[in-house]
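Undergrad: Starting off with a structure, shown below.
The values are calculated or read from the model by the stated rules, or taken from the named source; none is laboratory data. Remember, predicted model here, so these are calculated numbers, not experimental data. Here the Cβ positions follow ideal geometry from the backbone for every residue, glycine too, while neighbour counts run over all protein chains shown. Note: accessible area is taken over every heavy atom of the protein model, side chains too, but ligands, DNA and RNA are not part of it. Shrake-Rupley method; radii C 1.70, N 1.55, O 1.52, S 1.80 Å.
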Amino acid sequence: MANQATNPAVNIQNLKCHYGDKLALDDINLTVAEREILVIMGHSGSGKSTLFKNVLGLVTPTAGVVEVLGKDISKLKKTELYELRKSIGVAFQNGALFSSLSVRENIELPLREHTRLDDSTIQIMTMMKLAQMNLVGHEDLMPAQLSGGMLKRAGLARAVIMDPKLLFFDEPSAGLDPVTSAELDQLILQLRDALNMSIIIITHELESAFNVADRITILDRGKQILTGTRDEIRASDDKRIVNMLGRKVRDDAIDAEAYLDSLTKGRSK
Ligand code: ADP
């Protein structure tokens, strides 16, 4: 569960972000508590990636404040920003593994790049993450030999190898079948509990969002339509949210016989 009493992992106030004249984010106000899982949803072009880039300090906002792990991003020197990014894990939708490195080599890469730990410590830490991600026995495979679910788990293992305080996960469900996707959702929940991280997930998948989220933020054309718990999102009467949820419900709940019945009503007499 999220811990609202302590300092938030992310605190965004009145954030605006432009690309040239284009307003990509308009007055975003968002916090992510310690151990909270926040899911960001929205159509393509709604500003999800721009929000993510602001949190990592990859773009400069036009207005507002972005605080990450207690630090105001705009006030950090380059070296301080670089240090802060070491406490943030990022898992990309296709795993983004180096194809010429084995699973093990990919996972231990951040430890080799950013720490001076000796080989045996790196091996132990890597084995722990392999075990957490159900990848033991697959560590010597190359990325091309992995299934979609394994690729995501390996990417996730690399993203958390430094025990980050904050994890971003871009589209965990993309390209996965429903069972594998649900397994990954469970893994994300376990990971939050094991590592005490705050997690921000970008997803299009309603089911996955409702499986893992403490709160959900919905963006539309750069604006934050609503941020709330799953129940608050379900109870919203905003037309855009009703449409988003309704479409899914209709897709799932279609009853072929009732539908045929409705089409043929009155014709058979
Ligand atoms: P999402 O991740 O939800 O698909 P983005 O954050 O990528 O949305 O984009 C938000 C808006 O900003 C879109 O209208 C997009 O076209 C625009 N945009 C994104 N990146 C750039 C860029 N580098 N230059 C100009 N416009 C951009």
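Undergrad: When residues of region 202-224 are filtered for being on the phi < 0 side of the Ramachandran plot, within 13 Å of the ligand (Cβ to nearest atom) and either modelled with pLDDT of 90 or more or touching a Phe, Trp or Tyr at 6+ places or on another chain (Cβ under 9 Å) (or both), how many remain?
TA: 8
Undergrad: Can you find, within region 7-33, the residue that is nearest to residue 202 (Cα to Cα) among those that are more than 8 Å from the ligand (Cβ to nearest atom), open to solvent by 20 Å² or more (accessible area, probe 1.4 Å) and not in a strand (DSSP E or B)?
TA: 8
Undergrad: So, in region 114-172, exactly how many residues are out of contact with any helix residue (DSSP H, G or I) (no Cβ under 9 Å at 6 or more places or on another chain) and hydroxyl-bearing (Ser, Thr, Tyr)?
TA: Residues in region 114-172 being out of contact with any helix residue (DSSP H, G or I) (no Cβ under 9 Å at 6 or more places or on another chain) and hydroxyl-bearing (Ser, Thr, Tyr): 1 in total.
Undergrad: Hey, among 216, 200, which residue is open to solvent by less than 30 Å² (accessible area, probe 1.4 Å), out of contact with any helix residue (DSSP H, G or I) (no Cβ under 6 Å at 6 or more places or on another chain) and not aromatic (Phe, Trp, Tyr)?
TA: 200
Undergrad: Still on this structure, I have one more. I want to confirm something. Restricting to region 34-51 and keeping residues that are outside any loop (DSSP other than H, G, I, E, B) and of a type outside the set (Ser, Thr, Tyr), which single residue is farthest from the ligand (Cβ to nearest atom)?
TA: Here the answer is 34.
Undergrad: Could you name every one of the strands (runs of 3 or more DSSP E) located completely within region 122-236 that has at least 2 residues being within 16 Å of the chain's Cα centre (by Cα)?
TA: 166-170, 198-202, 215-220
Undergrad: Same structure again: Could you tell me whether any residue of region 65-87 is within 16 Å of the ligand (Cβ to nearest atom) and touching a strand residue (DSSP E or B) at 6+ places or on another chain (Cβ under 8 Å)?
TA: yes
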